[in-house]
Amino acid sequence: MQEQVSTLTWTPERQREYQREYQRAWRARNPEKARQIQLKSQEKNRDRIAGQRRAWRERNPGREREQQRAYRARNPWRQHAQFSAEDYAAIWQEQDGRCYLCGEKMDRGSVRIDHDYSCCPRNASCPVCRRGLAHHQCNIMIGQAGEDPARLRRAADALEAAQLAVARRKADIVGKQLTLSDS
């Protein structure tokens, strides 16, 4: 019995589909490299992309809003929109306008909603993962420490020890006059 060899006809559509599949597979194998290339391309073509988006919005008035609504309906956990003014006011009241991390009074302009990143991604939070309202700097501090309380305790202990050492050195030189021969 003779084998029948299938011949593929490489139409332009078939070629594009093959290329898409090849790129999809490459991106799956090299996600970090693919992301770097994407970011570099976006940066290089920022003005052209912005112009294309602006032109699309002009051609499709109202469509962007519809797409945003549909996205929010599909991904409610990703949206800050779930954090209503009433939610914010309730947490503000509960914390008495103080940062839940340091206890200092907060200015409404520098307040951040701190949440657990193991639940929701960056710039999104659901009611489950919200820890409280915090100063911007306090929020950054715990983020830089990898949200690790033990690391923050070690850093606080090391900072206290360093400050004490500086205070002792300062106390040792108080009252001593440095002369030209000392320098």
Nearest-10 value in Å² for the accessible area of V174, using the 1.4 Å probe: 110
Over segment 11-114 - Rg/Rh using Cα atoms and the Kirkwood inverse-distance radius: 1.16
Amide H contacts under 5 Å for R131, placed H, 5+ residues apart: D114, H115, D116
Per residue value of the accessible surface for segment 83-139 (all protein chains in place, 1.4 Å probe), Å²: 60
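The values are calculated or read from the model by the stated rules, or taken from the named source; none is laboratory data. Keep in mind that this is a model prediction, so the values were computed, not measured. Just the protein is used for accessible areas: all its heavy atoms, side chains included, with ligands, DNA and RNA removed. Shrake-Rupley method; radii C 1.70, N 1.55, O 1.52, S 1.80 Å.
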